[in-house]
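Participant: The following block contains the structure, expressed as structure tokens.
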Amino acid sequence: MKMDRATCFSNSKRIVVKVGSSILTGPAGLNLKAIRSISRQVHRIIGQQREVLLVSSGAQAAGIRKIGLPRRPDELPMRQAVAAVGQAGLIMEYEKAFSKYHKKVAQILLTNDGLSNRKRYLNARNTLYTLLSWEVLPIINENDTVSIKEIQFGDNDNLAALITLMMDADILIVLSDIDGLYTKNPASKAEARLIPMVTHITKEVEKMAGNLPGSSGTGGMVSKIEAAKKLTSAGIPMVIANGNHPDVLLNLMSGKELGTFFVPKNNKFSGRKSWIAFNLKPKGMIRMDQGAANAIIKGGKSLLPSGIVGVEGDFQVGAPVAFSLNDRMLGTGLVNYSSADIRKIMGLKTNQIKDRLGHKPYDEVVHRDNLVLTVEDPVGMMPEKSASNTRGDA
Ligand code: ADP
């Protein structure tokens with residue numbers, strides 16, 4: 001069921017708010033006014049019987065000032081060290097701002113890579129759930145000491161998307177120093193126009209983001225579009241709005257049409273499916289034929305050996321593997337057979353597996369419960385009733 005924008009906000013019970021370094025960086029280090037404004041608004045939103053998780057950048061802005069550097073250093077180890085110094089001050093400022101409302105905060109430092117381990121993923125999720133149940137506000141940031149992604153690529157946008165998926169949140173609000181996604185970078189093109197709503201993340205939309213980093217030399221719009229892609233394909237909406245506008249969060253929650261809204265596709269994934277799709281790195285690839293793609297996409301079926309036409313990579317039973325049709329990536333699944341065995345049984349009927357392998361632990365190579373379609377609008381990409389199905393096996 002598709003929801004309109006206002007309903008998406010009013011129905012949101014668990015919200016992730018990502019605060020970009022662009023608004024947390026003031027001329028003299030941290031922008032305390034922004035921290036106070038966001039804290040006040042988050043407190044009000046929690047008062048509306050909603051849960052909030054904050055993903056906050058800004059550690060470097062705080063660190064540069066403390067160390068007394070004239071500007072952001074270029075070398076990565078120095079940036080990491082600056083972030084380490086600044087993280088304490090960042091959390092302290094949030095703690096101060098929230099103490100006004102008697103709200104406790106907690107610091108969570110995570111790495112994207114760490115979340116691909118199911119045990120660590122579940123541990124992080126349990127900790128966050130516990131904090132929410134204690135009504136403590138989690139403030140999450142990338143662990144810059146061990147991870148250089150955020151520092152290099154502004155990947156807190158990506159981290160915020162993963163947190164939204166992991167916590168089964170209803171929406172991600174990305175606050176930046178700009179009103180939303182423009183047709184071009186407004187910093188250099190005066191004719192750029194704000195896009196209020198994106199229903200499909202097309203190549204054109206990706207082009208709008210360009211490949212330029214943002215103001216602090218990090219993500220810019222590119223990583224925000226990447227985050228929106230993940231979330232909307234998992235059935236979760238995202239909005240980019242200007243964190244410098246007073247009451248931006250409150251206005252969004254009350255249904256005001258601010259920023260750029262990314263309309264969710266598909267139905268919302270379960271937590272397990274979003275973990276398979278977005279936290280695991282595929283160890284190989286399975287190519288399937290049109291008939292298998294039809295069965296999976298239209299019929300919600302499992303992937304059987306008969307529909308497999310190729311395998312790439314070496315992987316073991318249980319590995320995450322991407323699957324594709326005609327070189328187009330469709331999604332990810334956990335396999336019941338190793339790559340070596342799939343090579344032996346691909347194209348075979350289920351009742352031929354035992355003869356070939358000497359055993360048949362499963363009928364399916366990927367069971368439907370372990371198979372996640374991440375392609376946008378999968379049904380729309382399928383040809384009309386076997387019109388182009390040259391194999392005739394639909
Ligand atoms: P944050 O620190 O909040 O994550 P960034 O500075 O990384 O923000 O990214 C926001 C910046 O992206 C904007 O200030 C703008 O200069 C730049 N940008 C590039 N292309 C676009 C576009 N098409 N629309 C809006 N902003 C864009």
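Participant: Using Cα pairs closer than 8 Å and at least 6 residues apart in sequence, work out the relative contact order for the chain, in percent.
Facilitator: The normalised contact order for the chain reaches 15 percent.
Participant: Could you order Ser302, Ser133 by accessible surface area, starting with the largest, using a probe radius of 1.4 Å?
Facilitator: Numbers: Ser302 25, Ser133 85 Å².
Result of the area sort, largest leading: Ser133, Ser302.
Participant: While we're on this one: State which stretch of the chain is the longest one without any exposed GluC sites (Glu not before Pro), exposure meaning a DSSP loop state and at most 15 other Cβ atoms within 10 Å.
Facilitator: Result for the longest clean stretch: 258-375.
Participant: Which one of Met197, Pro246, Phe323 is farthest out on the positive end of the charge dipole of the chain, using unit charges on Cβ (Lys, Arg +1; Asp, Glu -1) and the Cα centre as origin?
Facilitator: Projecting each Cα onto the dipole axis, the largest value belongs to Pro246.
Participant: Please give the solvent-accessible surface of Tyr182 in Å², to the nearest 10, using a probe radius of 1.4 Å with every protein chain present.
Facilitator: 40
Participant: Given the protein chains as shown and a 1.4 Å probe, how many square angstrom of His200 are accessible, to the nearest 10?
Facilitator: Solvent-accessible area, nearest 10 Å²: 90 Å².
Participant: Oh, and also: Rounded to the nearest 500, what is the 222 nm mean residue ellipticity of the chain from helices alone, with -39500 (n - 2.57) per DSSP H run of 4+ residues and division by all residues?
Facilitator: Calculated from helices alone, the mean residue ellipticity at 222 nm is -11000 deg cm²/dmol.
Participant: How high is the FRET efficiency from Leu32 to Val309, r the C-beta distance, R0 45 Å, rounded to 0.05?
Facilitator: For Leu32 and Val309, the calculated efficiency is 0.15.
Participant: Next question. Taking θ = phi - 60°, what integer Hz values does the Karplus form 6.51 cos²θ - 1.76 cosθ + 1.60 yield along region 248-259, in sequence order, with x for Gly and Pro?
Facilitator: Couplings: 4, 5, 5, 5, 4, 5, 8, x, 5, 7, 9, x Hz.
Participant: With N set to the number of residues, divide the alpha-carbon radius of gyration of region 235-335 by 2.2 N^0.38 Å and report two decimals.
Facilitator: Compactness ratio reported: 1.49.
Participant: More than 20 angstrom separation, counting every C-alpha pair in region 91-188; what % is that?
Facilitator: Across region 91-188, Cα pairs with separations above 20 Å total 48 percent.
Participant: Could I ask something else about it? When the chain is fully extended, how far beyond the present Cα-Cα distance does Lys13 get from Lys301, taking 0.36 nm per residue of separation?
Facilitator: 100.5 nm
Participant: I would also like to ask the following. What nm distance separates the two modelled labels at Asp113 and Ser133, each placed 7 Å from Cα along Cα→Cβ?
Facilitator: 3.2
Participant: Which of the peptides 83-89, 230-236 is most tightly packed, and how do the rest follow, going by the mean number of other Cβ atoms within 10 Å of each residue?
Facilitator: Descending mean neighbour count gives 230-236, 83-89.
Participant: Determine the shape class of region 45-120: with a ≥ b ≥ c the square roots of the Cα gyration tensor eigenvalues, call it rounded for a/c under 1.5, and otherwise prolate if a/b is greater than b/c, oblate otherwise.
Facilitator: Oblate, because a/c is 1.5 or more while a/b does not exceed b/c.
Participant: Top mean-square fluctuation among Leu30, Leu162, Leu122, Gaussian network model of the chain, C-alpha springs under 10 Å?
Facilitator: Among Leu30, Leu162, Leu122, the largest mean-square fluctuation in the Gaussian network model of the chain belongs to Leu122.
Participant: Then there's this: Would you mind calculating the gained length between Asp74 and Glu257 on full extension (0.36 nm times residue separation, minus the Cα-Cα distance), in nm to one decimal? Don't jump to the answer; show the numbers that get you there.
Facilitator: Values: separation 183, 0.36 × 183 = 65.88 nm, distance 3.85 nm.
Full extension of this stretch gives 62.0 nm more.
Participant: Also, quick follow-up: Choose one answer from Leu280, Leu137, Leu325: the residue with the largest mean-square fluctuation in a GNM of the chain with alpha-carbon springs under 10 Å.
Facilitator: For the chain, modelled as a Gaussian network with Cα springs under 10 Å, the answer is Leu325.
Participant: Most fluctuating residue of Val19, Val321, Val311 in a GNM of the chain with Cα springs under 10 Å: which is it?
Facilitator: Looking only at Val19, Val321, Val311, the largest GNM fluctuation is found for Val311.
Participant: For each pair in Lys281/Lys360; Lys119/Lys344; Lys229/Lys283; Lys96/Lys224, compute the distance between the two Cα atoms and list the pairs where it is over 25 Å.
Facilitator: Lys281/Lys360; Lys119/Lys344; Lys96/Lys224
Participant: In nm, to one decimal, how far is the modelled label at Met197 from the one at Asp355, with both set 7 Å along Cα→Cβ?
Facilitator: Simple spin-label model gives 5.6 nm for this pair.
The values are calculated or read from the model by the stated rules, or taken from the named source; none is laboratory data. Predicted model only: the values in this text are computed from it and were never measured. Cβ coordinates were reconstructed from backbone atoms using ideal geometry, including for glycine residues, and neighbour counts include every protein chain displayed. Note: areas computed on protein heavy atoms with side chains; ligands, DNA, RNA excluded. Shrake-Rupley method; radii C 1.70, N 1.55, O 1.52, S 1.80 Å.
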